[in-house]
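Comments concern the structure below.
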Amino acid sequence: MKVLSEGCGELIGWHDPDEHRAWVRANKSRDLKDKRMTIADAVEEYVPDGALVALGGFGHVRVSMAGVYEIIRQRKKHLTLAGKTAVHDSDILIGAGCVDRIEVAYAFGHEMRGLSPASRRAVETGQCKVVAELSNAVYQWRFLAAMMGLPFIPTRNMLGTDTLKYSSAKVIKDPFSGKPICLVPACYPDVVFMHVPRCDMYGNAQIDGTIIEDFELARAARRLILTTEEIVPESEIRRQPWQTAIPFFFVDAVVEVPYGSHPCQMPYLYFFDEEHIGEWLRMSKSLEGVKEYFDKYVYGVKDFTDYLELVGGLRKLDYLKKVEQLRAPMTAPWLKKRG
Amino acid sequence: MKADYTATELLATVASKVLEDGKSVFVGTGLPMIASMLAQRTHAPNLLIIFEAGGIGPRVPVLPISVGDSRTFHEAAAASTMHDVMSLSQAGYVDYGFLGAAMIDWYGNINTTVIGEHDHPKVRLPGSGGANDVGSFCWRTILLMRQEKRRFLKKVDFITTPGYLTGPGAREKAGLPAGAGPYRVITQLGLYDFDEATKRLKLLAVHPGVTIEQIQDNSEFEILIPDHVGTTEPPTPEERRLLREIDPTGMAIGK
């Protein structure tokens, strides 16, 4: 089939489908076994330097911040990041110097809060290289192709734009309609971190609210680390099995971390900690501030419980719960500037 | 006389009026959300709002911070997936797409990726996000942006999201879904559409007190000016009250 055009973006995370099948057969256990471990052990075991990392959720919604902080604490290097709906997660990881390369659907921004000083500085100075562009739909379809065990998926976007020129997609003539069609390659991240409200010790996980692209991403991941608000008995999962978004055999590690998405939002449980995110956005304007931030909130704390105490403890967490449940109004330091 | 409304309020009210009751709209962060929520509270109670993270038909209580925020599926018809909403958009279910833009050219092509060279950026912007998807799949795309000479450009540094690309027929030739494309552009100066024959940006109406000279002075490219140019309606006190209700903290609307 003749390729009409192709992007110059680097093809990351792709494997020949037969190679992937063989890898799955040899490496992904279908055994129902207890996968509970500490976040430190999970990162040590599954995040080698140079890995392609993707994060579940939506950049600052239902993000495994416990995983993100542990990657930083262990000073992982030369990671490539899947910049899928990347917001606070990627800003922190890039700011900490863990990421050299990123494929971008959305990154370097904080949505309503404005742009991200730390990760923008990294990309504008060349410290972090953008290896390819794509769109949000295309990223999750790359994961869809991967979960289906296909080499690519056809799509009808990106066509005619520079987003396609800088992507790893190719354009061919569709043999059915005769029209040009975009083929987006499968993407299998080496390791994915996902935060969920509940799962059992085997990894059977349920998600409340929008699943975003975690259904596809969990199945595309070569290694999947779940952090969870709580580990529930297996019987609770099996009582409503239609709620299970991720069955156990996709999961490699289960880590119980209450409030593990802080300062990001956890639907129905707690709102964004705007005070904390605001502090990061303010401090990350300078390299000294970035260092100070990580010294205080990552290297300077014993564990996630210690960190939660430092950011305001139960009083703060109770307030964030009220805001999330629309029982208290939100406030944010970045709002004051807009007056 | 000083107007008793802000430019942002005007932008939001003019944008909301473009939307129709009983249609669907794919909504981006910030002002597009406000305009859609305002339309629901005024002339379009059955406007179906769709968010890229999977929120379908929510009753959005207050302005969300993120298009993935739990406010985007509050009392929703469905809390679904990105694959679902992007697929249904590709399949033709979405009438309007609502985007903010940093820079555009006269065919409505949008840059939100980079200022300067891609590999040596002067300013790195967030990239496509869902914008390329919205601009590719939705029947009619509405762009909300600030109009300045450095934003209305003869050529954008990077086409992140397709407008009419190089002119009439170019979208279809590239393989994009047929019959879709940019529909309106709304800035702090006026309301624009695209000329049927040339697919170039054309003035439809100016905001109260804005002159044709201001329209042209704030664009690097020539804007088509028809014989009859309308004037937009300023926000009513009731609309302004609703905007405060939608965005009580002034996150997007200001204080």
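The values are calculated or read from the model by the stated rules, or taken from the named source; none is laboratory data. Every value quoted in this text rests on a predicted model; they were computed, and no experiment measured them. Neighbour counts run over all protein chains shown; Cβ positions are idealised from the backbone, glycine included.
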Unique match (being more than 9 Å from chain A (Cβ to nearest Cβ), in a loop (DSSP other than H, G, I, E, B) and more than 17 Å from the chain's Cα centre (by Cα)) among B:GLY163, B:GLY179: B:GLY179
Single residue of the stretch B:81-99 satisfying the filter (more than 10 Å from chain A (Cβ to nearest Cβ) and in contact with a Phe, Trp or Tyr (Cβ under 8 Å, 6 or more places away or on another chain)) that is nearest to B:GLY30 (Cα to Cα): B:PHE98
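Consider the stretch A:163-215. How many of its residues are among the charged types (D, E, K, R) and either within 30 Å of A:MET266 (Cβ to Cβ) or in contact with a Leu (Cβ under 6 Å, 6 or more places away or on another chain) (or both)?
7
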Leading residue by the ranking (farthest from the other protein chains (Cβ to nearest Cβ)) among those in the stretch A:101-131 that are on the phi > 0 side of the Ramachandran plot and not acidic (Asp, Glu): A:GLY114
Filtered residue count, the stretch B:206-232, keeping only those that are closer than 19 Å to B:ASP195 by Cβ and hydroxyl-bearing (Ser, Thr, Tyr): 1
Selection within the stretch B:97-116 - at pLDDT 95 or above and in a loop (DSSP other than H, G, I, E, B): B:ASP105, B:TRP106, B:TYR107, B:GLY108, B:ASN109, B:THR112, B:THR113
Those residues of the stretch A:291-331 which are closer than 20 Å to B:VAL62 by Cα and small (Gly, Ala, Ser), in sequence order: A:ALA328
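Can you pull out the residues in the stretch A:23-42 that are in a helix (DSSP H, G or I) and either more than 16 Å from A:PHE249 (Cα to Cα) or within 21 Å of the chain's Cα centre (by Cα) (or both)?
Scanning the stretch A:23-42 gives A:ILE39, A:ALA40, A:ASP41, A:ALA42.
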Residues within the stretch B:8-58 that are in a loop (DSSP other than H, G, I, E, B), modelled with pLDDT under 95 and either hydroxyl-bearing (Ser, Thr, Tyr) or surrounded by fewer than 20 Cβ atoms within 10 Å (Cβ to Cβ) (or both), tallied: 1
Within the stretch B:113-144, considering residues that are of a type outside the set (A, V, I, L, M, F, W, C) and surrounded by fewer than 24 Cβ atoms within 10 Å (Cβ to Cβ), the one farthest from the other protein chains (Cβ to nearest Cβ): B:ARG140
The listed residue being within 14 Å of chain B (Cβ to nearest Cβ), under 20 Å from the mean Cα position of the chain (by Cα) and within 24 Å of A:VAL68 (Cβ to Cβ), out of A:GLU213, A:GLU229: A:GLU213
